[in-house]
Amino acid sequence: MPSIFLSPSTQEFNPYITGGNEEQYMNLIADAMIPYLEASGIQVVRNNPDEPLSAAIAASNAGNYDLHLALHSNSSPESISGQLRGPDVYYYTGSAKGQEAATIIANNLKWIYPDPSLVNTIATTSLAELRRVKAPAVLVEIAYHDNYADAQWITNNIQGIAYNLSVSVADFLDVNFVEP
């Protein structure tokens with residue numbers, strides 16, 4: 001049975017311009033993904049939102065997962081706060097499987113994000129959640145929580161985002177997507 005370590009943000013200190021916070025909304029998306037993933041025959045283990053990132057990395061590395069998927073929302077640098085938009089899908093530079101998963105996720109997000117030209121796939125070595133986990137890993141910055149339109153899009157589309165990400169995971173793991 002294929003498996004995924006699902007790691008929604010624990011960053012409750014990142015407020016949404018529309019109310020709420022990053023931890024809240026990313027955990028709502030993760031909660032909504034689990035029934036789709038399990039119905040598709042994918043074993044799901046997730047981080048504990050009350051523990052730090054280091055605990056999520058350790059928990060992921062303690063298992064033998066086919067994918068580590070981190071869910072986050074982004075914010076612009078203070079000098080241009082609220083001006084950036086769009087999903088950024090990160091993978092670890094040099095990870096062919098990470099790149100494959102990131103590409104699938106980004107291509108599918110283009111179907112639901114209001115401006116598909118703003119969906120980016122980015123290789124990086126700087127993010128601990130990509131660099132320090134042993135499974136192929138992707139970190140999705142779903143959109144910008146300091147941009148009103150993006151924050152509103154996330155909060156109004158929890159189920160659609162979860163569905164889209166779940167289809168992407170099933171595609172990457174080469175299993176049939178099944179709705180619960």
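The values are calculated or read from the model by the stated rules, or taken from the named source; none is laboratory data. Not measured: the values here are computed from a predicted model. Backbone-built Cβ (ideal geometry, glycine too); neighbour counts: all protein chains shown. These area figures cover heavy atoms from the full protein model, side chains too; ligands, DNA and RNA do not enter into them. Shrake-Rupley method; radii C 1.70, N 1.55, O 1.52, S 1.80 Å.
Remarks
- Contact map, the stretch 159-180: first residue closer than 18 Å to Ala70 by Cβ, second residue of a type in the set (Gly, Ala, Ser) and buried (at least 22 other Cβ atoms within 10 Å of the Cβ), Cβ cut-off under 7 Å, separation 6 or more or different chains; pairs are Phe172/Ala101.
- Pick from the stretch 138-180, criterion open to solvent by 10 Å² or more (accessible area, probe 1.4 Å) and of a type in the set (S, T, N, Q), ranking: nearest to Phe5 (Cα to Cα): Asn164
- Close pairs (8 angstrom Cβ cut-off, 6 or more residues apart or separate chains): touching a residue at least 24 places away in the same chain (Cβ under 8 Å) and among the β-branched types (Val, Ile, Thr) in the stretch 112-138, open to solvent by 20 Å² or more (accessible area, probe 1.4 Å) and in a loop (DSSP other than H, G, I, E, B) anywhere: Ile112/Asn157; Thr124/Thr93; Thr125/Thr93
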